[in-house]
Structures are given as C-alpha cells and as structure tokens.
C-alpha cells in the first residue's frame with residue numbers, strides 16, 4: 001500500500017514535469033510572440049524589448065522553464081523596476097495578459113467548473129446505473145431496445161449539439177428557463193441550481209449513455225456467474241440477489257471507468273462551459289490559449305494533469321476497498 | 001482443420017481464417033439492419049460531400065454570396081419567412097446576418113468534416129500501429145515505456161493541448177491539414193493499445209517461431225509476419241474512430257480554433273448558432289442534425305462491422 005502510493009507519487013512527478021515541459025516546448029517551437037499581444041499594435045522595438053524583459057521572454061526557454069519549476073517548489077521573486085514581488089510556493093507565475101497570479105485565476109474559476117461537474121456526475125451516475133439496470137433485467141424486450149436507442153443517440157451527440165438543442169427547447173420554445181448565468185452556490189442555492197440545470201443535463205445525456213452501456217454489460221455478465229446461481233438456489237429473494245449481489249459486481253468496474261473517463265469529462269465540461277458562457281476553467285483555457293498566455297496555459301495543464309492522476313489514484317484505492325480481490329502494487 | 005492451417009499457414013490465415021470467415025462476416029453484416037441503414041446513409045453523405053459543388057450548382061447557390069435582401073433588418077438580421085428563409089432558391093434557408101445559403105454551407109461543411117476525419121484516421125493509424133508494434137515487439141523496456149505513454153495518451157484531456165497548439169500555429173498553415181495532424185497526434189492511444197495486444201498474441205504463434213528459426217531478422221518478422229496478421233483487426237476497429245474524429249473537428253471549430261472563415265464547418269456554424277437559437281432555430285438544426293446524422297450513420301456502420309467480427313464488442317450489447 002505505502003509502496004503503491006510512493007510509486008504513484010513518483011510517476012505523478014515525472015508526468016507533471018513532462019507535461020509542463022511539453023507546454024513550454026510547444027509555445028517556443030511556434031513563432032507567436034505573446035509580447036506583441038500584451039503590448040498591442042503599434043508597439044516599437046524598444047517597447048517590445050521592455051515587455052520581453054518584464055515577462056522574462058528575453059531568457060532562453062530552458063531558463064524560463066527552470067524558473068517555472070523553481071517557483072513551484074520554493075516560490076520565486078518577480079522584479080519589475082524597484083519593486084520586488086514575492087510569489088510563494090507553489091507559484092504558477094502571473095498571467096501575461098492580466099498580471100494576476102495564475103493560481104488565483106484558477107481558484108477563482110474552479111467553483112464554476114466544480115459546480116458543473118459535481119452536479120452532473122451525480123445526475124449521470126443515477127441515470128446511467130438505473131437505465132443500465134432496467135435494460136439488463138429486461139434484456140431484449142422493448143424497454144431494453146428503447147434504452148439502447150438512447151445509448152446510441154447519447155454517445156453520438158456531442159455536447160455542443162445536445163446543449164444547443166436543450167437551449168432551443170427550454171429557453172426558446174417552452175421558455176421555462178432563462179439563458180444560464182452562473183450564480184455562486186453560496187449566494188443563492190436555488191438560482192445556482194436553476195441556472196445549472198441545462199448544463200448538467202447536457203453533460204448527463206452523453207455520460208449517462210456511457211454508464212448505461214457499462215452497467216448493462218456488467219449486470220448481464222455478473223447475473224450469469226456461478227455465485228449468483230448459488231444465491232438463487234439458496235432461495236434468496238430476487239430483489240436481494242439483483243440489488244445486493246449482482247449490482248455490486250456490476251458496479252465495481254464503474255469506479256475505475258469514472259477515472260479513465262475523467263479526461264473525456266474535462267473536455268466535455270470545457271465545451272459545455274463555452275456553450276453556456278459559464279466562467280469556468282474551460283473558458284479560461286480557450287481564452288488563454290488564444291492569447292498565448294503561457295503561464296496560465298502551463299498552470300492549467302499542470303492542474304488538469306494533477307486532477308487526472310488524483311482521480312485515477314482515488315479510483316484505484318476505492319476499487320481495492322470495494323473489491324477485496326484487488327491487490328495494489 | 002483450422003488447427004493444421006494455423007500451424008503451416010501464413011499470418012492472415014492465423015487471424016481471420018480462409019474466405020469462408022469473411023463471407024460469414026459479410027452475411028452477418030447484411031442481416032444487421034441498423035448497420036445497413038448506416039451504410040446507406042454513410043454512402044449518401046460521402047457522395048453529397050464529394051459532389052458538393054455540383055449539388056450547390058443544382059440549387060443555384062454558393063457558400064459565400066451574401067443575400068442581405070432576404071434578411072429582416074428590423075429583427076437583427078433574421079431571415080424573412082418561415083423556417084429561417086426556406087424557399088425554392090434556398091432549400092435549407094439562409095444564415096442570419098449574412099444571408100449566405102445554408103444548404104451549400106452545410107454541404108461544404110460535410111467536405112471539411114469527412115476530409116479531416118479520414119485524414120486524421122491515417123495519422124492515428126500510422127502513429128498507433130508504429131507505437132503499438134514497437135511496444136509489443138520491442139522487448140520489456142520498450143513495452144514498459146511505451147505502455148505508460150499509451151496509458152497517458154488515453155487518459156489525458158488532449159483537447160487542451162490541441163487548443164493551445166491550434167491557437168498559436170500561424171494562420172498561413174493549411175488549416176484542415178493542421179487539424180488532421182493535431183487531432184491525430186493526440187488520439188492514437190486506442191489504436192496503439194489494440195495493435196500491441198494483437199502483436200503480443202501473434203508473437204507466440206508457431207509460424208512466427210518458424211520464421212525466427214529460419215533466420216529472419218526481428219525487423220523482418222515484425223514487418224512481414226506480425227504486421228499483416230494484426231492489421232485486419234486493427235483496421236476494422238479503427239473505423240469506429242471516424243465518428244469520434246468528426247466530433248473532434250466540430251468541437252475544435254466550435255471553440256474557434258478549427259477551420260477559418262469563410263470556409264464553412266458544422267462546428268463553426270453551431271458556434272455562431274449559439275446566439276440565434278431563439279430567433280432562428282433552423283440555423284441550429286441544419287448543422288446540428290447534419291453532424292448528428294453523420295456521426296450516427298458512421299457509428300452504426302462501424303459498430304455493425306465490429307459486431308459481425310466480435311459480437312461482444314458491439315455498442316448495442318450482446319445479441
């Protein structure tokens with residue numbers, strides 16, 4: 001167990017270094033100058049040089065990357081003229097565009113993305129597991145076929161199409177809801193939920209299709225296993241056989257699927273945020289990429305990588321806790 | 001009988017067997033109605049994309065001409081008439097604010113979508129097969145390193161990198177080619193994993209051992225004995241990547257880093273449609289349903305092929 005965690009930690013560190021190095025590499029292999037964007041049009045050579053120096057772009061890329069890593073571990077000092085600003089570890093630097101600390105930019109937008117995904121995870125897990133369960137218990141009957149149609153449709157519908165269709169129906173035709181505007185949970189829980197219904201549903205359609213399919217296959221597989229037959233032979237009520245024993249076997253793999261799918265979820269959350277104009281992490285990625293805002297993109301990559309690895313580790317631990325046969329190594 | 005054939009036969013015999021197997025797969029596929037429907041729609045869509053200029057000429061429109069006289073300037077440039085300005089001249093109506101013909105733009109959008117999807121598939125196959133082959137055949141260290149890389153590439157949100165990359169490549173670089181490279185570069189993990197699995201199982205076959213004993217070099221064994229055996233399976237599974245590639249292209253164009261205007265793309269149309277869903281629902285429906293139809297048709301066809309080969313792997317579950 002300890003060994004497992006240590007190994008995970010080790011690979012996490014390697015992963016993060018590689019990823020951020022790739023980001024720095026990409027940005028420097030490409031002839032786009034962030035200073036031009038910061039400085040604006042009509043900036044002359046001398047002014048550009050000043051901006052270059054301020055952003056640290058006059059140093060070789062390896063030095064810049066080294067400073068970035070240094071900032072992460074021990075913090076770093078920024079000097080602009082006489083003032084020296086200390087940025088404590090873990091320091092992700094300052095945005096080229098807005099001069100704000102990257103860490104606070106991310107922290108500021110995290111609640112939006114968390115609200116979106118957390119709510120949606122609950123919705124799609126419940127929907128997916130129930131539909132998959134019903135589908136498996138009614139195998140090859142009409143209900144099963146209808147659910148299969150939903151699965152195929154859900155898997156084939158990108159979030160920016162399903163989201164637009166939902167908007168069209170609920171905001172356009174029926175006028176039940178207004179176009180979503182993000183309201184913090186702490187400010188007004190009802191408005192928070194009301195505004196997030198459509199984004200949640202958008203993510204749920206796609207993700208619950210995945211879950212339905214997995215639950216269905218898992219259930220069909222476990223239901224045909226020997227120990228289930230034994231339980232039935234003992235005369236255990238069907239409700240208990242299905243609800244307790246079969247479902248457990250079928251759902252365990254879902255834990256790790258949720259983690260493997262985490263990257264997909266991030267991407268879809270990003271698209272959903274862009275569609276509904278929610279000021280979350282996804283929107284920040286798109287904006288900062290378009291502005292060649294290197295520190296923000298590097299910081300976000302780091303955060304996303306961290307989240308992916310953490311999700312996988314937690315899933316492994318949960319998996320081992322639920323299924324005693326699994327040995328962590 | 002198969003036993004004997006496997007031992008003395010070549011690699012293609014080892015995996016898929018004689019033509020009888022192919023015939024059986026075809027028969028299964030023909031009796032699979034959803035897959036056949038997918039095939040018909042796919043063929044029609046590809047024909048429409050190929051003959052887009054012809055079809056647009058038939059309608060008498062092109063993708064770039066503005067028809068501002070068809071727009072209601074009092075309502076912010078929404079097309080006059082019902083259904084977003086559908087008429088005998090404009091079969092699917094016109095775009096709000098510009099009045100460009102939607103039928104023509106949707107057709108040319110199909111061209112971009114399919115070109116990028118197929119081009120990306122080539123990149124994915126080249127990368128995936130090469131890396132999978134190296135991992136499966138290159139010894140323990142190569143397998144461990146490449147295996148990690150494959151896992152990483154599958155679980156990582158690649159679209160993030162893709163956006164950063166697309167945003168900063170100079171505009172002069174041909175955009176569709178760039179999209180193929182970027183989407184392919186970040187999405188080869190599945191192909192690599194599958195190839196690796198195939199290679200690992202083929203490696204232990206007797207005919208490979210025979211080749212080795214007869215003095216063939218590892219490179220030759222990989223190229224001549226293993227690769228031909230692994231390819232049919234890999235190619236079949238790769239078909240399922242096509243709809244995913246179409247969605248990626250549309251997604252990137254939706255985020256504004258795909259093809260540049262005035263080239264039309266479904267994703268880009270959908271992105272503009274975000275502000276028009278109330279006033280002009282037709283503008284959402286045309287690109288939206290085009291994309292959905294294409295994705296669904298390709299998926300049904302690819303899934304049907306896969307189900308015919310390996311019923312357990314089908315999206316539609318066991319039958």
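The values are calculated or read from the model by the stated rules, or taken from the named source; none is laboratory data. Note that the structure is a prediction, hence the values are computed from the model and not measured. Cβ placement follows ideal geometry from the backbone for every residue including glycine, while neighbour counts extend to all protein chains displayed.
Observations on the model:
- Criterion: over 30 Å from residue A:16 (Cβ atoms), touching a residue at least 60 places away in the same chain (Cβ under 8 Å) and in a helix (DSSP H, G or I) - qualifying residue of B:227, B:166: B:227
- Number of positions in the stretch A:291-313 that are within 17 Å of residue A:55 (Cβ to Cβ) and assigned to a helix (DSSP H, G or I): 6
- Some residue of the stretch A:168-175 being farther than 27 Å from residue B:249 by Cα, away from every other protein chain (no Cβ under 11 Å), over 20 Å from the mean Cα position of the chain (by Cα) and loosely packed, with under 15 Cβ neighbours inside 10 Å: yes
- Count of residues meeting criterion [more than 10 Å from every other protein chain (Cβ to nearest Cβ) and within 16 Å of the chain's Cα centre (by Cα)] in the stretch B:230-243: 9
- Residue check for residue B:69: more than 22 Å from the chain's Cα centre (by Cα) and assigned to a loop (DSSP other than H, G, I, E, B): no
- Test for residue A:159: is it modelled with pLDDT of 90 or more, surrounded by fewer than 17 Cβ atoms within 10 Å (Cβ to Cβ) and within 13 Å of chain B (Cβ to nearest Cβ): no
- When B:113, B:153 are screened for being in contact with a helix residue (DSSP H, G or I) (Cβ under 7 Å, 6 or more places away or on another chain), closer than 30 Å to residue B:61 by Cα, within 14 Å of chain A (Cβ to nearest Cβ) and buried (at least 19 other Cβ atoms within 10 Å of the Cβ), only B:113 passes.
- Flag for residue A:251 being out of contact with any strand residue (DSSP E or B) (no Cβ under 9 Å at 6 or more places or on another chain), in a helix (DSSP H, G or I), facing chain B (nearest Cβ under 10 Å) and at pLDDT below 85: no
- Filter result for residue A:282 (surrounded by fewer than 15 Cβ atoms within 10 Å (Cβ to Cβ), in contact with a helix residue (DSSP H, G or I) (Cβ under 8 Å, 6 or more places away or on another chain) and closer than 30 Å to residue B:268 by Cα): no
- Residue in the stretch B:177-189 that is within 30 Å of residue A:282 (Cα to Cα), more than 14 Å from chain A (Cβ to nearest Cβ), in contact with a helix residue (DSSP H, G or I) (Cβ under 8 Å, 6 or more places away or on another chain) and surrounded by fewer than 19 Cβ atoms within 10 Å (Cβ to Cβ) present: yes
- Reported count of residues in the stretch A:59-101, each being at pLDDT below 75 and surrounded by fewer than 16 Cβ atoms within 10 Å (Cβ to Cβ), is 11.
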